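The values are calculated or read from the model by the stated rules, or taken from the named source; none is laboratory data. Since this is a predicted model, take the numbers as computed values, not measurements. Glycine also receives a Cβ, built like all others from the backbone with ideal geometry; neighbour counts cover every protein chain displayed. To get the accessible areas, we keep the full protein, side chains included, count just its heavy atoms, and leave off ligands, DNA and RNA. Shrake-Rupley method; radii C 1.70, N 1.55, O 1.52, S 1.80 Å.
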Amino acid sequence: MELLTSSRLKSFRACPRQHFYAHVEGYRPAREAPAMAFGTAVHEALAAWWSTGPATAFELALEHLPATLDPFVRARAEAMLAGYHAFWCNEGFEALAVEKEFRLPLLNPETGAASRTWQLAGKVDAIVRGPDGRVWVLEHKTTSEDASPGSPYRQRLALDGQVSQYVEGAAALGFDVAGVIYDVLVKPAQRPLAATPPEARRYTKAGTLYAAQREHDESVDDYRERLADAVLDEPHRYFARVEVVRLDSERDEYRWDVWQLAEQMRASARTGRAPRNPDACFRYGTACAFWPVCSNGASLDDPGAYVRVGANPELSTAA
């Protein structure tokens with residue numbers, strides 16, 4: 001059985017050719033993009049944070065940041081984790097499961113028959129019980145977008161297939177969840193401060209630089225402290241938990257969406273063709289990881305550019 005994860009479905013919707021390279025052939029970029037590296041690092045740290053009690057959560061989260069992170073990226077992550085811990089540690093949520101994988105049949109929404117080709121699969125970040133006793137899937141998200149109430153980021157959650165898939169997955173794991181809590185962390189936009197070029201420096205009569213100018217690049221420690229102060233001063237700007245529920249009618253819509261996408265994937269597999277979607281090549285101002293291949297500038301066989309990791313590297317091989 002092939003596995004339909006939320007990320008695989010999202011990839012196919014964006015571009016069938018991207019989906020073919022990533023989830024059929026199983027290739028990924030050899031070097032993770034900086035934004036992805038930050039998100040992955042914070043994700044791993046938050047898994048550790050939720051796996052223990054409040055007294056040790058922050059220290060354990062810091063220990064799980066990858067040692068290979070760029071020092072300034074690590075400082076940024078540490079500042080975010082400090083703010084996250086301060087903001088959420090006393091909210092009274094209890095983790096019932098962390099990094100839990102699920103599998104369930106893909107059902108034909110018209111006949112109820114299980115697909116002989118596909119299973120739905122995924123890994124929930126956490127299953128948590130809130131202080132009111134309700135149980136939720138908790139999904140961590142780092143973003144550079146505005147995630148304030150009424151923003152497009154939040155509006156998109158109304159149709160987010162991942163929410164629906166995780167509700168189905170939680171049920172398969174035996175949890176009756178109220179919905180999904182999007183645990184959003186908005187990445188600080190502040191960058192390390194660079195020294196003012198010598199030719200641009202302006203001094204006061206006392207011989208000191210004007211306040212906005214610097215003689216030296218900002219150190220890692222100073223950068224971490226500046227970010228931590230900003231995050232702790234305005235936590236609501238950087239952290240939000242958005243409750244998303246799914247009505248029965250919305251779950252039915254999702255089942256039809258996934259079934260029909262799976263049919264399109266089967267058609268693509270039968271013909272051996274995966275059309276390109278030029279509209280997805282530069283989404284959010286960043287080139288698709290496979291743009292060099294599609295534009296004949298690189299080859300998947302180049303080990304310096306791509307590695308073969310399998311269709312769903314985020315999941316274990318166990319059924």
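Computed quantities for the displayed model
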read-out	value
The range 137-184, residues that are among the acidic types (Asp, Glu) and crowded, with 17+ Cβ neighbours inside 10 Å	Glu139, Asp160, Glu168, Asp183
Complete set of residues in the range 189-200 that are open to solvent by 50 Å² or more (accessible area, probe 1.4 Å) and either without any contact (Cβ under 8 Å) to a residue 40 or more places away in the chain or not in a loop (DSSP other than H, G, I, E, B) (or both)	Arg191, Leu193, Ala194, Pro197, Pro198, Glu199
Verdict on Asp132 being surrounded by fewer than 13 Cβ atoms within 10 Å (Cβ to Cβ) and either under 21 Å from Pro313 (Cα atoms) or at pLDDT 95 or above (or both)	yes
Unique residue being in contact with a strand residue (DSSP E or B) (Cβ under 6 Å, 6 or more places away or on another chain), open to solvent by 50 Å² or more (accessible area, probe 1.4 Å) and in a strand (DSSP E or B) when the list is Leu104, Leu96	Leu96
